[in-house]
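I have placed the structure first, in the form of structure tokens, so that the comments after it can refer back to it.
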Amino acid sequence: MTALDATHLALRFEGVTCTFAASTAAQPSFTAVRGVSLRVAAGEFVSVVGPTGCGKSTLLNVAAGLLEPSAGHVQVFGLPLQGINRRAGYMFQTESLMPWRTALQNVMAGLEFRGLADARSQAEVWLKRVGLGGFGDRYPHQLSGGMRKRTSLAQTLALDPDLILMDEPFSALDVQTRQLMENELLELWASRRKAVLFITHDLDEAIALSDRVIVLSAGPASFPIGEFAIDLPRPRDVAEVRTAPRFIELHRAIWAVLRDEVLKGYQQQLAA
Ligand SMILES: Nc1ncnc2c1ncn2[C@@H]1O[C@H](COP(=O)(O)OP(=O)(O)O)[C@@H](O)[C@H]1O
Ligand SMILES: [Mg+2]
């Protein structure tokens, strides 16, 4: 049996198309992604890379159940997805902490919502795991960007989702903080082995983190144009792995596919 057998799939897209209706009658509708089929096995770390505006967030929103595709099917652990994806936890690119709640209260929020009696102690454990044990009583504005991301990570993982959806979660961070966070994410992932769908426009990040990298074409109507197994040994240090000859080989092979799409995406942005 391969890891991608249907029974072991955390997430399955079959022919997913997302067309957005025009805001005025004079405008045409816009198809962001067309006919996208992709799979994430239980416990697998999969990244989707593609140029800005190609439909990565659109796909993540579909996986989260926040956006219903215009055509195609989505299955989560073998069942059709209807409404919000309750097996999944999300981490978005933008800040998602509630400014009026402390770090601890932010991490607790989802646990309380689930009615857990020990929400506070679980949240405390998770804050410690992301290195913020002593910062629970700080409000988001009293934390650095990296600490806020750690809080969001704790908030997402505390709910123990079987599928973690991440949309460029570290792109706003400086390089060093980002590498620290990536390593922490890998450690947490290795200890719990949840399925991850990770969206990024950064190929280095995608290779360093993933078991598999899927390349999307430039939009509109983008779709996967390449899929690469990342056979680098784990555990990985994201800074060190970048210098491995195999990493460089994989980077070269994937970039050969991604490069033209990035150029197309760039030209579209200039023309817009
Ligand atoms: N709600 C929407 N209505 C109309 N167009 C949208 C909507 N959401 C996204 N788009 C368009 O779909 C394309 C893909 O967007 P997005 O998924 O955010 O790209 P990415 O995350 O890869 O940068 C973009 O051209 C964007 O403008
Ligand atoms: Mg996006």
Any idea which of Thr151, Thr177 is among the β-branched types (Val, Ile, Thr), in contact (Cβ under 8 Å) with a residue 12 or more places away in the chain and not assigned by TED's automatic domain parsing to the domain that holds Leu79?
Thr151
Filtering the range 77-115 down to residues that are charged (D, E, K, R) and either touching a Leu at 6+ places or on another chain (Cβ under 7 Å) or assigned to a helix (DSSP H, G or I) (or both) yields Arg87, Glu112
Check whether at least one residue in the range 244-255 is modelled with pLDDT of 95 or more and either under 15 Å from the mean Cα position of the chain (by Cα) or not in a helix (DSSP H, G or I) (or both), and report yes or no.
yes
Restricting the range 17-27 to residues that are in a strand (DSSP E or B) and either basic (Lys, Arg) or more than 16 Å from ligand 2 (Cβ to nearest atom) (or both), the residue that is farthest from Gly65 (Cα to Cα)
Thr19
So, in the range 39-69, how many residues would count as being closer than 21 Å to Glu205 by Cβ and within 16 Å of ligand 2 (Cβ to nearest atom)?
17
Going by the structure shown, is Ser47 crowded, with 21+ Cβ neighbours inside 10 Å, of a type in the set (Ser, Thr, Tyr) and on the phi < 0 side of the Ramachandran plot?
yes
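When the residues of the range 198-214 are filtered to those that are in a strand (DSSP E or B) and not hydrophobic (A, V, I, L, M, F, W, C), which remaining residue is nearest to ligand 2 (Cβ to nearest atom)?
Across the range 198-214, the extreme among qualifying residues is Thr200.
The values are calculated or read from the model by the stated rules, or taken from the named source; none is laboratory data. Every value quoted in this text rests on a predicted model; they were computed, and no experiment measured them. Ideal geometry is used to build each Cβ from the backbone, glycine not excepted, and the neighbour counts take in all protein chains shown.
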